[in-house]
There are 2 protein chains.
Amino acid sequence: MRATVRDVAARAGVSPKTVSNVLNGTFRVSPATRQKVEEAVAALDYVPNLSARGLRNGRTGMIAVALPDLRMSYSAEMCHHFVVAAGKRGLHVQIEETAGGVDREVELMSRARAQLIDGLILNPVRLETTAVQRAVAMPPVVLIGEVDQPIVDHVWIDNTAAVREITQLLIDEGHRRIAIVGADNTATAQVRLIGFHQALEAAGISAEAALEIPSPDWHSTDAARWFGEFLDTHDVPEAVVCMTDTLAMGVISALHDHGLSVPGDVSVVGYDNITDSATMVPALTTIDFDKQKFAETAIDVLAARIADPNRPIMSVTIPHRIMRRASTRQRSTRKTGPRKTGTRKTGPRKPSTRKG
Amino acid sequence: MRATVRDVAARAGVSPKTVSNVLNGTFRVSPATRQKVEEAVAALDYVPNLSARGLRNGRTGMIAVALPDLRMSYSAEMCHHFVVAAGKRGLHVQIEETAGGVDREVELMSRARAQLIDGLILNPVRLETTAVQRAVAMPPVVLIGEVDQPIVDHVWIDNTAAVREITQLLIDEGHRRIAIVGADNTATAQVRLIGFHQALEAAGISAEAALEIPSPDWHSTDAARWFGEFLDTHDVPEAVVCMTDTLAMGVISALHDHGLSVPGDVSVVGYDNITDSATMVPALTTIDFDKQKFAETAIDVLAARIADPNRPIMSVTIPHRIMRRASTRQRSTRKTGPRKTGTRKTGPRKPSTRKG
DNA sequence: CTGAAAGCGCTTACAG
DNA sequence: CTGAAAGCGCTTACAG
């Protein structure tokens, strides 16, 4: 049978309270007593029961992190940083996926209230239907990502500015017919699309609905399929803004399959600066931000909220910057109209079967 | 204040036991009583306290999944499948990273014993130093990956066979001077290296230590750097076996930076069939397995172990297959000696700046 | 500096 | 089909 504080106390010849004091360091305990207790703990292989402690204290030392799709490289890197940042504060992380939508988000909130977790870091999927409602008794929650709900704490990147700036970069390089991939109705896409539109408008370029290409799932394979179909039926754009690096990977793949080179024929940019974006061929120009800092900030804000539910609501913006790599280039001649697929100088070919 | 079973019972005019029966469905309850209870639950916004339930039942409904490095795309995909598979059984997943090594693994075991988690799915990093010891009182654990410890349940891929087969594929295509990237002292690398050696030996090719290239971290950027340095100082191999798809991404990047085409100059294969491997340029030939099935099997085995700690130990091998894509090709002429870098027909050039 | 007691909220034998 | 009581293992006022 598992040892309990009583067993330890009995063996050490002290009361359970003293054992607790030694374990939690709440009060000063004489060295002799401390040693007796520690010997008993070791002898009995005692491990405190966290459920009991959680019931007593109302804290379990566990938080949840809920991301839209755990399969994304972006999710992988953020999970890592959340786990590490939480670990530094003695917290453990439960992961959840919000892909299911609003129901899932609501369920996560109740689970927080069911107190196996002390708080929740939530990346909601849709703006208009967020589970975060004034009406509900709220557990400690930090929103990350695009939804700016003034009801709860919030850590984010200024997505709109970031996409505006990277679109501006493409415009400065002489591109005018610019497509955007991942333009669907998620919160992320909507907020980033605004930045895209702002940059076009500032340059006097009118937005074209046909150049706003959805990709219902944001996996690279989906982007390759959807953007590939776009290439089959439309003029080749001069540049492509991708909502994420993972989408950019699919876009580059589709361009290669159509015999188009990056950035020779088409410039491509991404968003997130995932590790793999540096080893794409070509290396990807993208939006970079300090993911470790992002995670640590979110954990800090959540910990502060857990400690004091009544503190003022915070909103923290993590800085971003453009990570310039090889996937974009200056257009030599400034073209005003759309370029026809037929005007390409070389016909389609599979670069992957080119012989050395 | 939060409502408790007592509050619900009082409001519904029944005993706490009846409330519990309604919530857990243990005994039959009359429809009228059930409705009264459900109304009270709704009215009081009652959510059961999982710490209390965990203390009482000795189960929290939470399991932990510990992977070596959460940043990997492979980890991302596995996490997704574990969370989904666990969710189907009403379980939640706590994630941990074992990169820290054995201490971390031991700590995870005690945490399991501290009973905030009912069990643990563990991918240990090193063969010889596994935290899994006969001596320690073991919580329910399922090992995944390469370590075959007959002490606990085990779900894995036959790594040795998989790498042997994919190396064999390269040999069948006429490659003889084959490098392997990621050859370090982790359990995964060691077991896969054995398969590599087996294939070479069966073909009468002697292993060359210089062709076994380590990459202390298995990120694509590390592989690009380490394999790039290898290319700077060695003859170009005819083919490269990568311990993972992520490593392959870095290897392909380094080859491009050296003006070598894949598979024109060098064939490359990976392992894992991550989603992104289909959109690499060229699409990657790799080892595929059913990740959903892998995760579900591990969860099943763990659930069975939790239900019956004394059942016989299980070991399940998930089938694998070669996913043939564009990154390998038949060598037209069979060469016996190493090819010099200088013998390439085309000089180095950056494919990324090639114009269309 | 330490001990005896109460209670966190739940579920489960034990009675009725 | 339901009620009253006990107890999971911990920590914290309350006394000494």
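The values are calculated or read from the model by the stated rules, or taken from the named source; none is laboratory data. Quick caveat: nothing in here was measured; it's all calculated off a predicted structure. Here the Cβ positions follow ideal geometry from the backbone for every residue, glycine too, while neighbour counts run over all protein chains shown. Each accessible area value is taken on the protein alone, full model and side chains, heavy atoms only, with ligands, DNA and RNA left out. Shrake-Rupley method; radii C 1.70, N 1.55, O 1.52, S 1.80 Å.
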* To do: Could you tell me whether A:L23 is outside the structural domain of A:D217 (by TED's automatic domain parsing), touching a Cys at 6+ places or on another chain (Cβ under 8 Å) and closer than 26 Å to B:I63 by Cα?
  => no
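Of all residues in segment A:82-96, count the ones that are open to solvent by 20 Å² or more (accessible area, probe 1.4 Å) and within 12 Å of chain B (Cβ to nearest Cβ). Working first, answer last.
We begin by selecting, within segment A:82-96, every residue open to solvent by 20 Å² or more (accessible area, probe 1.4 Å); these are A:84, A:87-92.
Now narrow it down to the ones that are within 12 Å of chain B (Cβ to nearest Cβ): A:84, A:87, A:90-92.
Going through segment A:82-96 one residue at a time, the tally reaches 5.
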* Asked: A:I252 passes all but one of (1) facing another protein chain (nearest Cβ under 7 Å); (2) touching a Phe, Trp or Tyr at 6+ places or on another chain (Cβ under 8 Å); (3) not charged (D, E, K, R); which number fails?
  -> (2)
* Asked: In segment A:204-225, how many residues are away from chain B (no Cβ under 12 Å) and part of a helix (DSSP H, G or I)?
  -> 3
* Asked: When you look at A:S110, is it at pLDDT 85 or above and hydroxyl-bearing (S, T, Y), yes or no?
  -> no
* Asked: Given (1) closer than 30 Å to B:M72 by Cβ; (2) open to solvent by less than 30 Å² (accessible area, probe 1.4 Å); (3) touching a Pro at 6+ places or on another chain (Cβ under 8 Å), where does A:W226 come up short, assuming only one miss?
  -> (2)
* **All positions within segment A:236-245 that are within 13 Å of A:A179 (Cα to Cα), within 14 Å of chain B (Cβ to nearest Cβ) and not β-branched (V, I, T)** => A:P237, A:E238, A:A239, A:C242
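Out of B:P31, B:P68, B:P16, report the one residue that is away from DNA strand C (no atom under 12 Å from the Cβ), free of Cβ contacts under 8 Å to residues at least 12 places away in the same chain and of a type outside the set (S, T, N, Q). Can you show your working first?
Details: B:P68 fails: free of Cβ contacts under 8 Å to residues at least 12 places away in the same chain; B:P16 fails: away from DNA strand C (no atom under 12 Å from the Cβ).
Selected residue: B:P31, the only one of B:P31, B:P68, B:P16 that is away from DNA strand C (no atom under 12 Å from the Cβ), free of Cβ contacts under 8 Å to residues at least 12 places away in the same chain and of a type outside the set (S, T, N, Q).
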* Since B:Y74 meets every condition but one in (1) facing chain A (nearest Cβ under 9 Å); (2) more than 30 Å from B:D222 (Cβ to Cβ); (3) among the aromatic types (F, W, Y), which condition does it not meet? -> (2)
* **Answer residue from segment B:39-62, given it is in a helix (DSSP H, G or I) and more than 13 Å from DNA strand D (Cβ to nearest atom) and is surrounded by the fewest Cβ atoms within 10 Å (Cβ to Cβ) among those** => B:A42
* Given the conditions (1) within 15 Å of DNA strand D (Cβ to nearest atom); (2) over 18 Å from B:R6 (Cβ atoms), report the number of the one that B:V19 does not fulfil. => (2)
* Kindly state which strands (runs of 3 or more DSSP E) lie completely within segment A:232-289 and contain at least 1 residues that are touching a Leu at 6+ places or on another chain (Cβ under 9 Å) and crowded, with 24+ Cβ neighbours inside 10 Å. => A:239-242, A:267-269
* **Subset of segment B:4-21 [buried (at least 18 other Cβ atoms within 10 Å of the Cβ) and in a loop (DSSP other than H, G, I, E, B)]** => B:V14
* Scan segment A:185-203 for residues that are within 14 Å of A:L170 (Cβ to Cβ) and assigned to a loop (DSSP other than H, G, I, E, B) and jot them down. => A:A203
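Quick check on segment A:54-65. Is at least one of its residues closer than 30 Å to A:N273 by Cβ and out of contact with any strand residue (DSSP E or B) (no Cβ under 8 Å at 6 or more places or on another chain)?
Pass one, segment A:54-65, residues closer than 30 Å to A:N273 by Cβ: A:62-65.
This time we only want the ones that are out of contact with any strand residue (DSSP E or B) (no Cβ under 8 Å at 6 or more places or on another chain), so: none.
No.
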